[in-house]
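Report on the structure given below.
Throughout, read-outs are computed from the coordinates displayed, never taken from laboratory work. All values reported here derive from a predicted model rather than from experimental measurement. In this analysis, Cβ positions are derived from the backbone assuming ideal geometry, glycine residues included, and neighbour counts consider all displayed protein chains.
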Amino acid sequence: MQSRKVILSGMQPTGGLHIGHLTGALKNWVELQNEYECYFTIVDLHAITIRQEPANLRRWTLDLAATFLACGIDPTRSHIFVQSHVPEHTQLAWVLNCFTGMGECSRMTQFKDKSQKYPENVNVGLFAYPILMAADILLYQADLVPVGADQKQHLELTRDLAQRFNSLYSETFKIPEPYIPKVGAKIMNLQNPTKKMSKSDENQSGVLFLVDEDNQIANKIKRAVTDSGAEIVFREDKPGISNLITLYHIATGKQIEEIENEFAGKGYGEFKKAVADAVVEFLRPFKVRYREIRANEEYLKLIIREGAEQARRVANKTLAKVYRKIGFVAL
Ligand code: TRP
């Protein structure tokens, strides 16, 4: 147990998850827990770098915990916790702030993107976002950090900060490696199939949320934008149909070629109906588990309380080391 390598990853509670999360990040997390000691955190401190409605933030935090469990993250093996329940994250982040150059943060492409997207709220938290993320990771001496490619730059900053601290003082932090999973099938927005499906898309009718009702899922698929022509083939000039083929592949496990053969000579309408039925069936077992778990807030809170307790035991050790090395007086 002790010698298992450590994984830490996080997700923001900023909206409902969609089918792409289930088949991408979460599927990976579930597999990783067989081999690694895993910490999965719901990063509410990161979420408030963008203005959030308090009621939504509260709901989404528990929704996300229930989603983790419903997907198969096993709380007897992995630690599920909420970032704000472990004050060491903010404490270490402050220290790391003092070791990070302004220039390092202003180079972050996500900061640039988000300040453009929300020009009315370019706050200091948004600027320091990657430093808090570094604290998340370094507190647990994580070996590996599963993230999407968009987070790679933040991981590099994390490694730089860890190395900087280690060489200024002495070996304190494990230098984490990014773990960027082989991209599985990428799922695009049904209304705009050249854009990746995203939980914060303005156009929600193109996003298949995990908690959508069966008829909502079916309707979204039936209304999906399709391409000119009538062939059901996976091809670059047919992003709409290709995306539906991807969904059908994910839902049924059938290979692309097999799917093209199955629908050769058939119309878009018939194909969409088949995709809708398959996706609804694919999501059903997840939804049944999710509803049951989400309805039991007492249980959910027990899981995240235990997760936070375990996380604090580890985080506290790292923070104490850091405080001692920089010259804070221990009592
Ligand atoms: N920034 C990550 C994202 O938006 C979320 C995150 C916060 C994270 N802290 C983390 C991911 C630590 C991995 C490790 O996807």
Can you give the calculated 222 nm mean residue ellipticity of the chain, where each DSSP H run of n ≥ 4 adds -39,500 (n - 2.57) and the sum is split over every residue, rounded to the nearest 500 deg cm²/dmol?
-> -17000 deg cm²/dmol
Partners for LYS220 among lysines (Cα-Cα distance below 27 Å; same-chain residues under 8 apart left out) | LYS27, LYS117, LYS186, LYS195, LYS196, LYS199, LYS238, LYS254, LYS266, LYS272, LYS273, LYS287
Cα point-scatterer Debye curve for the chain, base-10 log of I(q)/I(0) at q = 0.06 Å⁻¹ = -0.24
State the answer as a single residue: which of VAL211, ALA278, SER242 lies farthest towards the positive end of the charge dipole of region 204-291, with beta carbon charges of +1 for Lys and Arg and -1 for Asp and Glu, about the Cα centre.
-> VAL211
Subtract the Cα-Cα distance of GLU260 and ALA330 from 0.36 nm times their separation in residues, and report this length gain in nm to one decimal.
-> 18.5 nm
For 198-210, 10-22, ranked highest to lowest by mean beta-carbon neighbours within 10 Å, the order is 10-22, 198-210
Spin-label point model (7 Å from Cα, Cβ direction): what's the ARG4 to LEU168 distance in nm?
-> 3.4
Between SER106 and LYS273, take the C-beta separation as r, use R0 = 51 Å, and let me know the FRET efficiency to the nearest 0.05.
-> 0.50
Where does helix 88-97 land angle-wise versus the long Cα axis of the chain, in degrees 0 to 90, nearest 10?
-> 80
Whole-Å semi-axes of the ellipsoid equivalent to region 204-291 (Cα gyration tensor, √5λ, descending) = 23, 14, 10
In whole angstrom, the spacing between the Cα centers of region 107-171 and region 183-246 equals 32
Gained length - GLU231 relative to GLU297, 0.36 nm times residue gap less alpha-carbon distance | 19.0 nm
